[in-house]
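These notes are about the structure you will find just below.
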Amino acid sequence: MKRFLKVGLTGGIATGKSTIAALWSARGAVVIESDELARRTLELGTDSYREVVQAFGQSILNNDGTINRTALGDIVFSDAKKRQILNHIVHPRVRQMWSQRLRECAADTGTEVAVVAIPLLYEVGAENEFDQIVAVGCSETTQRARLVSKGLTETQVVARIRAQMPVATKMDRANFVIWNDGSRDVLEQQTEIILNRIKETAHAPQA
């Protein structure tokens, strides 16, 4: 009898987590993006929105009243204490949301694997919530190039990379590692192999 598996997907910024999540989704895994949940918690009118505006001021708002994520990012990625304040507001709510979604998946007998993409999985101490953890890495040169291509300045790039746990540390602690520094074909091969190995554990006899 197969068992339901919860998989945590993590890695450094701009390492390709969303791409891998999309590939796994196309192969039948349920994928939950914590970044998308975080965006929902900061929508206009939510409790999180009000707390963040109170903590960081009107300067983080767009003309329509929505939160300017780049402006907010510039503040928190340059100040560890302010980043901690934001995380304290947002992460508990995000965790509640993906935990509830996992419970729903576990109750669905047709779901075999559910993947939660959490960039700060280790930083927020969520590793014990998962059966398997996959870490995605790439060289810092590649990280920088990808972030610059998205319009970030060199200062913004450095601040965002330095604010996270080193990629190598995340890879050392994970059950599986995907190295995304090559071609799309190589990435797809890695993701397929690892998803298959994870699915095999769902059918393995339990000790």
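The values are calculated or read from the model by the stated rules, or taken from the named source; none is laboratory data. Predicted model only: the values in this text are computed from it and were never measured. Using ideal geometry, Cβ is built from the backbone for each residue, glycine included, and neighbour counts are taken over all protein chains shown.
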Output the residues belonging to the range 52-111 that are among the small types (Gly, Ala, Ser) and part of a helix (DSSP H, G or I). ALA55, SER59, ALA71, GLY73, ALA80, SER99, ALA106, ALA107
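A quick yes/no check of all residues on (1) loosely packed, with under 13 Cβ neighbours inside 10 Å; (2) under 19 Å from ALA26 (Cβ atoms):
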residue: VAL136; (1), (2): no, yes
residue: THR141; (1), (2): yes, no
residue: LEU147; (1), (2): no, no
residue: GLY151; (1), (2): yes, no
residue: GLU154; (1), (2): yes, no
residue: MET165; (1), (2): no, no
residue: ASN175; (1), (2): no, no
residue: GLN189; (1), (2): yes, yes
residue: LEU195; (1), (2): no, yes
Restricting the range 33-51 to residues that are of a type in the set (S, T, N, Q) and in a helix (DSSP H, G or I), the residue that is farthest from VAL7 (Cα to Cα): SER48
Can you confirm whether the range 168-190 contains a residue that is of a type in the set (Ser, Thr, Tyr), part of a loop (DSSP other than H, G, I, E, B) and either over 29 Å from ALA71 (Cβ atoms) or in contact with a Cys (Cβ under 8 Å, 6 or more places away or on another chain) (or both)? yes
From the list THR15, THR10, THR41, exactly one residue is modelled with pLDDT of 95 or more, over 30 Å from ASP185 (Cβ atoms) and not hydrophobic (A, V, I, L, M, F, W, C). Which is it? THR41
Would you point out the residue of the range 75-119, among those that are over 21 Å from LEU44 (Cα atoms) and of a type in the set (S, T, N, Q), that is farthest from the chain's Cα centre (by Cα)? THR109
In the range 11-53, anything free of Cβ contacts under 8 Å to residues at least 24 places away in the same chain and within 10 Å of the chain's Cα centre (by Cα) is listed as GLU36
Would you say SER34 is at negative phi, surrounded by 14 or more Cβ atoms within 10 Å (Cβ to Cβ) and either modelled with pLDDT under 95 or in contact with a Cys (Cβ under 9 Å, 6 or more places away or on another chain) (or both)? no
Checking GLU129 against (1) among the acidic types (Asp, Glu); (2) loosely packed, with under 13 Cβ neighbours inside 10 Å; (3) in contact (Cβ under 8 Å) with a residue 60 or more places away in the chain, which test does it fail? (2)
Out of all the residues in the range 54-69, is one or more within 19 Å of the chain's Cα centre (by Cα) and either loosely packed, with under 14 Cβ neighbours inside 10 Å or over 30 Å from ASN175 (Cβ atoms) (or both)? yes
One residue from ALA38, ALA29 being touching an Asp or Glu at 6+ places or on another chain (Cβ under 9 Å) and not β-branched (Val, Ile, Thr): ALA29
Out of (1) touching a residue at least 12 places away in the same chain (Cβ under 8 Å); (2) acidic (Asp, Glu); (3) over 25 Å from LEU37 (Cα atoms), the one GLU154 does not meet is (1)
